[in-house]
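Take a look at the structure set out below.
The numbers here are math on the coordinates, done by the rules we state, and not lab data. Since this is a predicted model, take the numbers as computed values, not measurements. Quick reminder, even Gly has a Cβ in these numbers, built from the backbone with ideal geometry, and neighbours come from all protein chains shown.
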Amino acid sequence: MFSTVVSAAINGIESKKVMVEADVSDGMPMFSMVGFLGSEVKEAQDRVRTALKNSGIHLPAKRITVNLSPADLRKAGSGFDLPIAIAVLASLGYIPQDSLKGILFAGELSLNGGINSIRGVMEMVSSAAEYGCHTCVIPQGNLREGSVIREVRVLGAESIKQVFNFLTGVGTLGETHINIEEIRSKQEEDTKVDFAEVQGQKLLRRAAEVAVSGLHNLLIIGPPGSGKTMTARRIPTILPQTTLEEALEVSKLHSIAGILPEEVGLLTARPFRAPHHTITPAALAGGGSSPRPGEVSLAHRGVLYLDELPEFQKSTLEILRQPLEEGKICISRNTGNYLFPAGFMMVASMNPCKCGYYPDRNRCSCSAREVKRYLNHISQPLLDRIDICVEAEPVLYDELKNLTEEESSAQIRTRVTQAQQIQQLRYQGTGFRFNSDLNVTAVRKYCFLGKEEEDLMREAFEKLNLTARSYSRILKVARTIADLAGKENISTAHLGEAVCYRALDKKYWIDRM
């Protein structure tokens, strides 16, 4: 007897429809599986047989053949256990085949018949309607993330016996309702950091606000203990709230990576990823035999923070060039090419030298050669993709004891949101979203300078030995500063501030010896 069950496979960040076909016939007793299977899928036959036995359902001595179609799509992961078990039971006549129509099944079986959580459920459920399904049966542990999708009915199961009873009409499965606004409110309450905690550092606070407003990449240079990391960790709190579309996009990536907390269901806060400097290129970019998102993708719509930038392997840092330029990263494997989103804001921090105290000659003994070697660990092409560079000066005692309350993240976020709304209105229908996205042609169009401003830029270009790329970068930052001020045109004051944020100039640091 033959039966078919609908399931899904995660291919990169996309869900692909998989038909689980089962046939039971007379012949030598065996359980065979075909269909371009990963090792964990091949092991499903042992898990299925044992889970059914321990649930009180014994398979007869028959020839069981299972095919996962299409055969040219590699199937990986343990989520096919449940659909395989259901297809086999339907082929044996234990489950009415009509009860399987329009239902997508996904879940991993434990040997005692329980159903374990799997990764990628949110993406599977969001694609179920396209597969012609009106209901999804998933693990109870994935019920919250699956229920975020409203287009189909989502049911959670704790055991194969529970699913069997449901399909035979003698039991029910769990359901839940997700209130997205409650989730957002709860996650905002759980945020334990605020910009009001950053004492002093007016220049650093201002640079962070400008960087976030135009989504410019930011580099912070300063001695140990000056507040570089403290400031960076508070940058997500001044980014505008995620839209529902962005929250779903972020949550799906974390679900596919297998790191979406079961109790959360939906990530409404901006991601903040801070990998250690020992991270490998594969972990940063993503990959594996069945490629999963790396840190650059997990930071999508949020912040990727690289602390102690020169300590990262040079080969690892160079991987950032493509995602910083294009907002995506392509992983190539013999099974195909996988495209992952990587639209993040990069924030990096570093010491000016190995000991951390250059150019303070009372504390730093590094030679010019040592400082140069330390700075040269970062390639110029990578530095060219950083729009804003700011120094974090040591915090003074009076600033620490200052009782004046600093601006909170909520206050700064209000200005940032207004500036970004100006940009979105300006670039509507152009393919750009933020000032940092502008190409050379767009810079000429949207960063127009008057005569006085042109004179200032000419002087800065000649005195500071700027490059053409530096020139465009300064204009984009100046455009953001003008947007923060609510001004339509860029003024000399905006340009002057933008010039102060020019990217790291290695020669400038060496000349300070």
Nearest 20 debye, what's the magnitude of the dipole of the chain about its Cα centre given +1 on Lys and Arg Cβ and -1 on Asp and Glu Cβ?
1060
For helix 180-189, what angle does its Cα long axis make with the longest principal axis of the chain, in degrees from 0 to 90 and rounded to 10?
50
Region 186-511 - share of DSSP beta bridges that are antiparallel (%, nearest 5)
35
Computed helical MRE - 222 nm, the chain, DSSP H runs ≥ 4 contributing -39500 (n - 2.57), nearest 500
-10500 deg cm²/dmol
Report, in degrees rounded to the nearest 10, the 0 to 90 angle that the Cα long axis of helix 44-54 makes with the longest principal axis of the chain.
60
Rg [Å, one decimal], Dmax [Å, integer] - region 2-167, C-alpha atoms:
14.4, 46
Burial ranking of peptide ranges 336-347, 116-127, 24-35 (average Cβ count within 10 Å, highest at the top):
116-127, 336-347, 24-35
Please give the peptides 306-313, 258-265 ranked by average Cβ packing (other Cβ atoms within 10 Å per residue), highest first, as a rough proxy for protection.
306-313, 258-265
Could you tell me what fraction of 2.2 N^0.38 Å the Cα radius of gyration of the chain comes to, as a two-decimal ratio?
1.18
According to a simple spin-label model (label point 7 Å from Cα along Cα-to-Cβ), what is the distance in nm between L464 and K101?
7.0
Collect residues whose amide H, placed 1.01 Å from N in the peptide plane, falls under 5 Å from the amide H of I329; neighbours closer than 5 in sequence don't count.
F340, A342
Determine which lysines satisfy two conditions relative to K202: a Cα distance under 16 Å, and not lying fewer than 8 residues away in the same chain.
K228, K401
Using amide H atoms built in the peptide plane, which far-off residues or other-chain residues are under 5 Å from R153 H to H?
T135, C136
Excluding residues on the same chain fewer than 8 positions from K17, give the aspartates and glutamates whose Cα lies under 14 Å from its Cα.
D72, E123, E130
Exceeding the 29 Å Cα-Cα cut-off - candidates K372/K463; K252/K354; K372/K445; K42/K101:
K252/K354; K372/K445
Specify the angular offset, from 0 to 90 degrees and rounded to the nearest 10, of the alpha carbon long axis of helix 202-214 from the longest principal axis of the alpha carbons in the chain.
50
